[in-house]
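*Asks:* I'd like to ask you about the structure that follows.
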Amino acid sequence: MPTPTTEHVASETATPAPAGDGSSRSWFRPSLDWLLVLVPVAILLRFVPALENPTALFIVSCVAIIPLAGWMGRATEHLAEHLGQGVGGLLNATFGNAAELIIALFALSKGLEGVVKASITGSIIGNILLVLGLSFLAGGVKFSKQTFNRTAASISATALSLGAIALLIPTVFHQVAATVPVAQGGWTPAREQNLSLAIAIVLFLTYAMTLVFSLITHRQLFTGTEEGHGVLEDVGRERTAAEEHGVQWSVSKSVIVLVVATGFVALISEFLVGAVEAARETLGLTEVFVGVIVVAIIGNAAEHSSAILMAMRNKMDLSLGIALGSSLQIALFVAPILIFASYLFGRPMNFEFTIPEVVAVVASIFIVGQISSDGESNWIEGLQLLSVYAVLAILFFFLPDIHAPAASGVVAPAVHP
């Protein structure tokens, strides 16, 4: 379900604590925090005329967002600990993909509808194939066989199917209705937008009810494997140890870090979006590839590293909770929010995706359903997931831009960095 376990990841991911958590040596260990040095570099590239280079700005901004997103996640998790299980779980579910949502909103405001749509599908398949693949591989190399709560995984896979249907129906509608004359009730931009808006409302309501299911009424389904003590029990012990060592942040510190990190993510996202057009032309990349691969990876890189770390610690329920929960947030929460926001920007967006994107999402969800059915994982399954992701990445690299802005009745203006 949508990040039912991320509420409990804070104590796990807090072990390699950032500076200020009582560990003065944390900055000297290998860490994503080292990439924070690129934040001022991005600012210089953006505002110093002598250093102007859209391609360099795009690359630096992409990397700089990764540690900032990680700090947003840490602050959210620590704040959630103070708010209780229900409110804390809701906070984690809401901010789980905040960095990617911010990037998508800036892209949407600039008329980069193709990048926005591609980032939606890219995030879903990235979490399912890339993150789970790396988690299964990393954990499988260390442990010959790992187990997880197959009931929770199955429920998540089923919920993801709803997201796949939401992508499939508007695309099929466009393909079928486009062949029917308008006078006979065929395709019009308004009808396609209304269809997408209605589906977005259904997805958003489903997401809300899914949170109730996973955080309140059926919380016990997400507390660990049938054979183990459960995630809650294990994490509870580690959280106590963390608090004894002064790792837990105060409410004020959590709020300040969250606000500052969010502000910098918004700033760097604006740099990234402003430079994307010039950079992709220089690098020879399409909007689809930038959205499906680049934006989808950088928006959740910090969270992805947590999923892999949990797998290496044999905490597969947490690992799957992060990966599948993030995919569900994208499909049931972020995607509808972007549809709603598009009307505020005066650029109504629809759910009409390219056929390759729809096929990739459907295939990914089918694969994860098959793999999660037995409640066990090993390194070869991880390698297989990574192989599928590599094949899809190659496809999107060679796929030409076929997101036609006019298909939604909106003509995207030229974007200047």
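The values are calculated or read from the model by the stated rules, or taken from the named source; none is laboratory data. Here the structure is a predicted model, which is why all the values come from computation and not from measurement. FYI the Cβ positions are ideal-geometry reconstructions off the backbone, even for glycines, and counts take in every protein chain you see.
*Asks:* Please work out if Ala301 is farther than 22 Å from Asn53 by Cβ and touching a strand residue (DSSP E or B) at 6+ places or on another chain (Cβ under 8 Å).
*Replies:* Working: farther than 22 Å from Asn53 by Cβ: yes; touching a strand residue (DSSP E or B) at 6+ places or on another chain (Cβ under 8 Å): no.
No; evaluated as a whole, the condition is false for this residue.
*Asks:* Output the residue which, of all residues in the stretch 272-288 that are β-branched (Val, Ile, Thr) and buried (at least 23 other Cβ atoms within 10 Å of the Cβ), is farthest from the chain's Cα centre (by Cα).
*Replies:* The selected residue is Val276.
*Asks:* Identify the single condition in (1) closer than 30 Å to Thr217 by Cα; (2) in contact with a Phe, Trp or Tyr (Cβ under 9 Å, 6 or more places away or on another chain) that Ser135 does not satisfy, given that it satisfies every other one.
*Replies:* With (1) closer than 30 Å to Thr217 by Cα; (2) in contact with a Phe, Trp or Tyr (Cβ under 9 Å, 6 or more places away or on another chain) applied to Ser135, the lone miss is (2).
*Asks:* Would it be correct to say that Gly346 is small (Gly, Ala, Ser), out of contact with any strand residue (DSSP E or B) (no Cβ under 9 Å at 6 or more places or on another chain) and not in a helix (DSSP H, G or I)?
*Replies:* Criteria met by Gly346.
*Asks:* I'm trying to understand the selection: among the residues of the stretch 296-330, which are in contact with a Leu (Cβ under 8 Å, 6 or more places away or on another chain), of a type in the set (A, V, I, L, M, F, W, C) and farther than 21 Å from Arg150 by Cβ?
*Replies:* Ile297, Ala301, Ala302
*Asks:* Count, please, the residues in the stretch 382-417 that happen to be modelled with pLDDT of 50 or more and over 30 Å from Ser319 (Cβ atoms). Quick ask: steps written out before the conclusion?
*Replies:* Let us first name the residues in the stretch 382-417 that are modelled with pLDDT of 50 or more, namely 382-403.
Now restrict to residues that are over 30 Å from Ser319 (Cβ atoms): 398-403.
Final tally of qualifying residues: 6.
*Asks:* Between Glu376, Glu352, which is of a type outside the set (Phe, Trp, Tyr), closer than 23 Å to Ser154 by Cα, touching a Ser or Thr at 6+ places or on another chain (Cβ under 6 Å) and touching a residue at least 60 places away in the same chain (Cβ under 8 Å)?
*Replies:* Glu376
*Asks:* Still on this structure, I have one more. Go through the residues of the stretch 320-342 one by one and say whether even a single one is among the small types (Gly, Ala, Ser), surrounded by 24 or more Cβ atoms within 10 Å (Cβ to Cβ), out of contact with any Ser or Thr (no Cβ under 6 Å at 6 or more places or on another chain) and over 16 Å from Leu132 (Cβ atoms).
*Replies:* yes
*Asks:* Related question: Out of (1) surrounded by 22 or more Cβ atoms within 10 Å (Cβ to Cβ); (2) over 15 Å from the mean Cα position of the chain (by Cα), what's the single condition that is false for Gly346?
*Replies:* It fails just one condition, (1).
*Asks:* Further, regarding this structure: Looking at (1) in a helix (DSSP H, G or I); (2) under 17 Å from Gly122 (Cβ atoms); (3) at pLDDT 90 or above, which is the only condition Phe264 fails?
*Replies:* Condition not satisfied by Phe264: (2).
*Asks:* Could I ask something else about it? Can you pull out every residue in the stretch 205-233 that is surrounded by fewer than 17 Cβ atoms within 10 Å (Cβ to Cβ), of a type outside the set (Gly, Ala, Ser) and modelled with pLDDT of 80 or more?
*Replies:* Passing the criteria: Leu205, Met209, Val212.
*Asks:* If I go through the stretch 271-296 residue by residue, how many of them are more than 15 Å from Ala360 (Cβ to Cβ), assigned to a helix (DSSP H, G or I) and of a type in the set (A, V, I, L, M, F, W, C)?
*Replies:* 11
*Asks:* With the condition kept exactly as written, say whether any residue in the stretch 246-255 is at pLDDT below 65, of a type outside the set (A, V, I, L, M) and either surrounded by fewer than 14 Cβ atoms within 10 Å (Cβ to Cβ) or within 24 Å of the chain's Cα centre (by Cα) (or both).
*Replies:* Within the stretch 246-255, one or more residues are at pLDDT below 65, of a type outside the set (A, V, I, L, M) and either surrounded by fewer than 14 Cβ atoms within 10 Å (Cβ to Cβ) or within 24 Å of the chain's Cα centre (by Cα) (or both).
*Asks:* Just to verify a result, which residue in the stretch 131-160, among those that are hydrophobic (A, V, I, L, M, F, W, C) and assigned to a loop (DSSP other than H, G, I, E, B), is surrounded by the fewest Cβ atoms within 10 Å (Cβ to Cβ)? Steps first, please.
*Replies:* Of the residues in the stretch 131-160, the ones hydrophobic (A, V, I, L, M, F, W, C) are 131-132, 134, 136-138, 141, 143, 148, 152-153, 155, 157, 159-160.
Then keep just the ones that are assigned to a loop (DSSP other than H, G, I, E, B); that gives 143, 148.
Numbers: Phe143: 17, Phe148: 26.
Filtering first and then ranking leaves Phe143.
*Asks:* Keeping to the stretch 44-81, report how many residues are touching a residue at least 12 places away in the same chain (Cβ under 8 Å) and either in contact with a strand residue (DSSP E or B) (Cβ under 7 Å, 6 or more places away or on another chain) or surrounded by fewer than 20 Cβ atoms within 10 Å (Cβ to Cβ) (or both).
*Replies:* Total satisfying the criteria: 3.
*Asks:* Inspect all residues belonging to the stretch 20-34 and state whether any of them is at pLDDT 80 or above and surrounded by 15 or more Cβ atoms within 10 Å (Cβ to Cβ). Steps first, answer last, please.
*Replies:* Just the residues of the stretch 20-34 that are at pLDDT 80 or above, to begin with: 33-34.
After this cut, where a residue has to be surrounded by 15 or more Cβ atoms within 10 Å (Cβ to Cβ) as well, the list is 33.
Checked against the condition, which is being at pLDDT 80 or above and surrounded by 15 or more Cβ atoms within 10 Å (Cβ to Cβ), the stretch 20-34 yields at least one hit.
*Asks:* Determine whether Ala104 is at pLDDT 90 or above, closer than 17 Å to Phe333 by Cα and of a type in the set (Gly, Ala, Ser).
*Replies:* Details: at pLDDT 90 or above: yes; closer than 17 Å to Phe333 by Cα: yes; of a type in the set (Gly, Ala, Ser): yes.
Spelling it out, Ala104 is indeed at pLDDT 90 or above, closer than 17 Å to Phe333 by Cα and of a type in the set (Gly, Ala, Ser).
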